[in-house]
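The values are calculated or read from the model by the stated rules, or taken from the named source; none is laboratory data. Keep in mind that what you see is a predicted model, and the values were worked out from it rather than measured. Because the Cβ atoms are built from the backbone with ideal geometry, glycine has one as well, and the counts that use them run over all protein chains shown. Accessible surface is based on the protein model in full, side chains and every heavy atom, while ligands, DNA and RNA are left aside. Shrake-Rupley method; radii C 1.70, N 1.55, O 1.52, S 1.80 Å.
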Amino acid sequence: MEFKDHVCELLNTIDACQVFFDITVNFDLTKNYLDLVVTYITLMMLLSRIEERKAIIGLYNYAHEMTHGSSDREYPRLGQMIVDYENPLKKMMEEFVPHGKSLQDALVSLQMVYPRRNLSADQWRNAQLLSLISAPSTMLNPAQSDTMPCEYLSLDTMEKWIVFGFILCHAALNTDPAALSLWKLALQSSSCLCLFRDEVFHIHKAAEDLFVNIRGYNKRVNDIRECKESALSHAGSMHRERRKFLRSALKELATVLADQPGLLGPKALFVFMALSFARDEIIWLLRHADNIQKKSTDDFIDKHIAELIFYMEELRAHVRKYGPVMQRYYVQYLSGFDAVVLNELVQNLSVCPEDESIIMSSFVNTMTSLSVKQVEDGEVFDFRGMRLDWFRLQAYTSVSKASLGLADHRELGKMMNTIIFHTKMADSLVEMLVETSDVSIFCFYSRAFEKMFQQCLELPSHCTHELCPEERHHIGDRSLSLCNMFLDEMAKQARNLITDICTEQCTLSDQLLPKHCAKTISQAVNKKSKKQTGKKGEPEREKPGVESMRKNRLLVTNLDKLHTALSELCFSINYVPNMMVWEHTFTPREYLTSHLEIRFTKSIVGMTMYNQATQEIAKPSELLTSVRAYMTVLQSIENYVQIDITRVFNNVLLQQTQHLDSHGEPTITSLYTNWYLETLLRQVSNGHIAYFPAMKAFVNLPTENELTFNAEEYSDISEMRSLSELLGPYGMKFLSESLMWHISSQVAELKKLVVDNVEVLTQMRTSFDKPDHMAALFKRLTSVDSVLKRMTIIGVILSFRSLAQEALRDVLSCHIPFLVSSVEDFKDHIPRETDMKVAMNVYELSSAAGLPCEIDPALVVALSSQKSGHCNNIHCLAKAINQIAAALFTIHKGSIEDRLKELKAFFISNTFTTQHLASSSLLKIGQETDKSTTRNRESVYLLLDMIVQESPFLTMDLLESCFPYVLLRNAYHAVYKQSVSSSA
């Protein structure tokens, strides 16, 4: 009620003073007058839209009565106002009859401004609006206009003034052609106006409902209907073409200013005009897209709206960045030109009262005192007092009885409007940006905002109102939620594009794998013979690299489209390093980094193609090729957006060297470890695969049930090196620990067998020199075959570990040769008398680097005397005996060398065969004639030789002291003859 009373009082005062209004002369006074009228109308219309308004004021009065003991004294008037304003426009049409002349004068003054702003895109284009390069010779000339503040005045604001204003003073439509022209032009441009946020006012229906009941207004009603049809038919396409023009115009303007920021001084008006025009079109689209009254909606869908907003942001960024440049220019302009011209105008005034003269003189003095040094010293300018004085002066000189009438001195008003614009360029750039480019209305069209955002993905803070402070937290939460969602969507879209590019590159890399060259080689070999036979050959397979050959520049591949879309999206992500939204900082690049880490992790695991049901898995070399192709693409992302891709690699690849990643999901380390243990080595134990030391690989054996994989393709030296590259030292350590766990389980079973035979073994230990007694004791041993089988399994596992460690050493030697050589030198020069704990630390370090150790399992052991492997893997026994013995003797703190000599003496007297432990000494075996006893005699001799060669503690001299070398030579000869005859 107080607001209504104050408005009515002010309007009556203005009418009594017969204030002169002209938007081109006393801009501030006219603008604020029209804003007051429209705000009053809007408030009353919003009040009438509250459905329970009567109940609300009744509850208010009841609460007031309970609190103060009496009802509010204004309650009867408030209640009467609610009743009177059931139809607010009709009531206000009656109220504004006395104010009609003042309102009409203010509105008609828009005839010099509004039609010029409401032009078509073709007219803008023909006039080369906003172009800095259309006239190069005048590029440095300052942009001038007699109506400077009107050039960037909001079109939406002017339309509200015209529509609401002429509804209230509708009589002017019948008497003033200029008023009717403005009215029709406004009705043809829009079908609805914004009342407040997302509350809209449907112009044509409301105006028609009001005028249809007024006598003699049939012509006006027909005008409204014609304008409605025109708005529905042509307004959408007209605004669409405007947006299309503004995109190119703003792009050109932003590009020129980025190259020559000094032009921001003379051409600042163009910048704020461009921002205002673009802002008006965005708000128009947003409002009408949400309130479409037309069947065809194509004109209200703009997938390029984000581009227009982007160019607005570019211009805003230029203004913020080069603010000091603009300040420097306009400070000189104010002091060197504006002050001089204004002083001349004041001097030429025929009549200038004392008060007005004092104000004018203060303007001139303020501008004259300005200097560039103030800008260089970083002084903060504040011309708000000067602008407020000019507002007061407009009020003084616009009343009918003023001594100095502004209506008679229009040049003074136009000059002062220009000066006010120049002062804003010096001290209010941020406020000017808000005034001309604020699109915070998006906050109240969140669904439309989300839809527009999704559409733009297909191609690649001033929200609160001072009257509603309690909405701050709600709007803040909504803004933060939308910001987070949009940044996340952008990152997801970029991630998907990168994934598609990676898939393409992995496919291209796969074409270069050696397995694909066999067919090409075969075709090349058979090409000549096919020509001779005259048969038509098979079509040649396309060679890798054909996809890069272009017949013309118009040929665009899928990969080209992906890169184009990615570059546009990454440019958006990289546009600002940080975003401040409601005291929260958002970093768009971190969203992308996070999504890339998650997708890279899933992709690496997915590229293993592990199938638990069929136990199929990708070969390490093929996976390594795919991972490298993937990493190459990710590294290229740094060309698009400034992110630390190395951090992504470190985070992801280091997690893949562990058993589980940070999300508890299996890694390639766990998948390959499980596959090698549960699939490959298990088939070795089942007799389907054998280890061949000379080939340094496990090889499939011919069996009835063929395996689904070729063991050699997963265990040769190149594959093991690839595995080491993928898993790294940490992953290979986990693999070794898993292997050792299986060995420990076998050793545990062996210990049980030792416990079962402890008495016999104790007696045998003291009967080395009694062959007959040893034979009798041997027959008392139980589960001899089980011992042999478990020791063979241990040997197989250790042989696989040896391959893995050798591959790890080769890989590390390539990546960190100096560090590996230092570790190796440290290991080789550790003294024999070193404390065992210290020695074990050295061995552990060496083992982690893939180096062979004396006590820890040997990593690379060459069996130089072994020409091939044995199908039953019995050759792995030597490795198992040496390494298990060394480990056990170390644990029990015995002399490894002495105990191994003792063990060797035991082997000299009693030896293993593939079926059982012989019951006599080796020398006695040579004299036996029983075939069951002597059938593997030569193999036993060779096994003894392998034990000595594998051991770092036993020597050939010690062997020859108790075992003739001639037996070894004859054994090698006999085994070789047997292998030749078997192969024949």
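Numerical summary
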item	result
Rounded if a/c under 1.5, otherwise prolate or oblate - segment 373-450, Cα gyration tensor axes	oblate
Cross-link reach list, aspartates and glutamates versus Lys414, counting only Cα pairs under 15 Å and skipping chain neighbours closer than eight places	Asp22, Asp28, Asp146, Glu151, Asp338, Glu344
Candidate residues Thr669, Thr39: accessible-area rank, largest first, probe 1.4 Å	Thr39, Thr669
Sequence ranges 477-484, 232-239, 29-36, ranked by mean other-Cβ count within 10 angstrom, highest first	29-36, 232-239, 477-484
Approximate shape of segment 1-74 as ellipsoid semi-axes (Cα gyration tensor, √5λ), whole Å, largest first	35, 15, 8
Descending principal axes extents, segment 275-324, alpha-carbon based, whole Å	50, 16, 13
Segment 659-740 - percent of accessible surface contributed by carbon and sulfur, probe 1.4 Å	49
Shape box of segment 746-796 [Cα atoms, principal axes, largest first, Å]	33, 19, 15
Å² per residue, accessible surface of segment 74-156 at 1.4 Å	48
Convex hull volume per residue for segment 677-783, taking Cα atoms only, in Å³	180
Dimensionless Rg over Rh [segment 347-396; C-alpha; Kirkwood]	1.08
Alpha carbon convex hull of segment 151-206, projected area averaged over orientations, nm²	4.3
From the C-alpha gyration tensor of segment 557-671, square roots of 5λ in Å	30, 19, 11
Percent accessible area from carbon and sulfur atoms, segment 1-126, protein chains only, probe 1.4 Å	56
Sequence ranges 721-731, 393-403, ranked by mean other-Cβ count within 10 angstrom, highest first	721-731, 393-403
Principal axes of segment 70-163: Cα extent on each, largest first, Å	75, 27, 23
Sequence-distant residues sharing a close amide H with Ile689 (under 5 Å, placed H)	Val684, Leu701
Sulfur and carbon atoms: percent of accessible area, segment 303-420 [1.4 Å]	51
³J(HN,Hα) computed for each position of segment 342-347 - Karplus, 6.51 cos²θ - 1.76 cosθ + 1.60, integer Hz, glycine/proline x	4, 4, 5, 4, 5, 5
Residues Ile830 and Asn686, FRET efficiency given R0 of 30 Å [Cβ-Cβ distance, rounded to 0.05]	0.15
Accessible area expressed per residue, segment 622-735, with surrounding protein chains retained (probe 1.4 Å, Å²)	45
Burial ranking of peptide ranges 315-326, 414-425 (average Cβ count within 10 Å, highest at the top)	414-425, 315-326
Convex hull per residue volume in Å³, alpha carbons only, for segment 602-756	145
